[in-house]
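**Student:** Please see the structure below; I have some questions.
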Amino acid sequence: MHPLISATDLAQAIQHGGDILVLDASMALPGQAFDPQQRFANAHITGAVRFDIDTFSDPESPLPHTIPGQARFSRLATERGMANTRRIVFYDQDGMACAARAWWLTRLFGHENVQVLEGGLPAWKSAGLPLESGPDLTTPAPFVSRPRYDRLHGTGDVLDIVHGRIPGLILDARSHGRFEGRDPEPRAGIESGHMPGARSLPYGELLDDNGRFLPVEALKAKFETLGVTDTTTVTCSCGSGMTACMIALALVCAQVGAGEPVVYDGSWAEWASTPDAPIVCGA
């Protein structure tokens with residue numbers, strides 16, 4: 001299954017009565033200030049339910065939206081009706097970044113029938129497709145977790161890459177300024193910079209003016225410029241594991257790299273808080 005679905009294709013699939021669950025995974029990223037739940041109540045795709053990324057996180061972790069444990073994810077996914085047999089489509093109220101995180105997280109726990117609405121809610125609106133207001137009406141359906149932890153890296157794994165103990169290329173979705181150490185991090189107490197050997201790829205550079213991914217050939221060319229080949233194992237990083245998932249999604253769309261892309265869940269928030277983890281500045 002292709003990881004993206006267009007607004008018109010999703011509308012047709014819903015109209016034809018397929019077993020599809022549409023979920024709004026929106027949240028406010030650093031620098032944004034809005035209530036995604038209120039926005040959802042005001043207008044959402046007909047029949048959609050909310051997928052709160054903060055709820056689908058480890059409440060005990062000091063880091064932002066860390067992956068939850070297997071039991072927690074299974075319970076919450078069941079409550080949301082995310083049965084293993086259903087086709088799951090995530091969307092974002094503004095674009096695709098939060099939906100990409102939900103896509104990666106759901107696949108991490110073994111649900112493979114998962115897609116992202118290309119262009120998010122703006123694309124749905126531009127196509128003149130129906131919206132509704134009010135709360136979501138969720139019907140639980142059993143979800144059984146089958147984790148794919150090969151899609152996940154921790155700080156120890158990234159240290160192994162940095163020190164050359166295992167092969168891999170780190171792509172960082174933060175801005176060039178944060179990557180190079182010129183601009184501050186949005187989280188207090190975290191210095192900017194990057195991991196030795198990492199390459200900078202702000203996730204916005206993967207998108208066109210409508211917030212959709214560039215054509216596949218353009219994506220491939222961009223990844224190749226950064227050193228990604230068919231034998232490259234790519235680890236995706238960002239500030240806190242959110243927009244790294246946009247790089248992962250783009251890699252799967254472009255079908256480049258060796259196997260599945262991996263996401264460093266703690267990303268820069270964890271790396272920069274880890275004693276003795278090396279930090280470099282500049283391009």
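**Student:** Suppose the filter is assigned to a helix (DSSP H, G or I), in contact (Cβ under 8 Å) with a residue 24 or more places away in the chain, farther than 27 Å from D209 by Cα and not assigned by TED's automatic domain parsing to the domain that holds M246; does R107 pass it?
**Tutor:** yes
**Student:** Somewhere in region 269-279, is a residue touching a residue at least 24 places away in the same chain (Cβ under 8 Å), in contact with a strand residue (DSSP E or B) (Cβ under 8 Å, 6 or more places away or on another chain) and surrounded by fewer than 18 Cβ atoms within 10 Å (Cβ to Cβ)?
**Tutor:** Scanning region 269-279, I find at least one residue that is touching a residue at least 24 places away in the same chain (Cβ under 8 Å), in contact with a strand residue (DSSP E or B) (Cβ under 8 Å, 6 or more places away or on another chain) and surrounded by fewer than 18 Cβ atoms within 10 Å (Cβ to Cβ), so the answer is yes.
Quick grid of which residues meet (1) among the polar types (S, T, N, Q); (2) over 20 Å from the mean Cα position of the chain (by Cα); (3) not in a strand (DSSP E or B):
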residue: G18; (1), (2), (3): no, yes, yes
residue: F34; (1), (2), (3): no, no, yes
residue: F56; (1), (2), (3): no, no, yes
residue: P59; (1), (2), (3): no, no, yes
residue: T66; (1), (2), (3): yes, no, yes
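**Student:** Assess whether I170 counts as being surrounded by 15 or more Cβ atoms within 10 Å (Cβ to Cβ), in the same structural domain as A248 (by TED's automatic domain parsing) and aliphatic (A, V, I, L, M).
**Tutor:** Here the answer is yes, as I170 does meet what is asked.
**Student:** While we're on this one: What's the number of the condition I45 fails, among (1) crowded, with 20+ Cβ neighbours inside 10 Å; (2) within 15 Å of F143 (Cβ to Cβ)?
**Tutor:** (2)
**Student:** Tell me, yes or no, whether region 210-219 has at least one residue that is in contact with a His (Cβ under 8 Å, 6 or more places away or on another chain) and not assigned by TED's automatic domain parsing to the domain that holds L117.
**Tutor:** Checking region 210-219: not a single residue is in contact with a His (Cβ under 8 Å, 6 or more places away or on another chain) and not assigned by TED's automatic domain parsing to the domain that holds L117.
**Student:** How about region 183-207: which of its residues are hydrophobic (A, V, I, L, M, F, W, C), over 17 Å from V158 (Cβ atoms) and assigned to a loop (DSSP other than H, G, I, E, B)?
**Tutor:** A188 - this is the single residue of region 183-207 that is hydrophobic (A, V, I, L, M, F, W, C), over 17 Å from V158 (Cβ atoms) and assigned to a loop (DSSP other than H, G, I, E, B).
The values are calculated or read from the model by the stated rules, or taken from the named source; none is laboratory data. Quick caveat, the model's predicted, so the values are computed rather than measured. For neighbour counting, all protein chains shown are included, and Cβ atoms are generated from backbone atoms with ideal geometry for every residue, glycine included.
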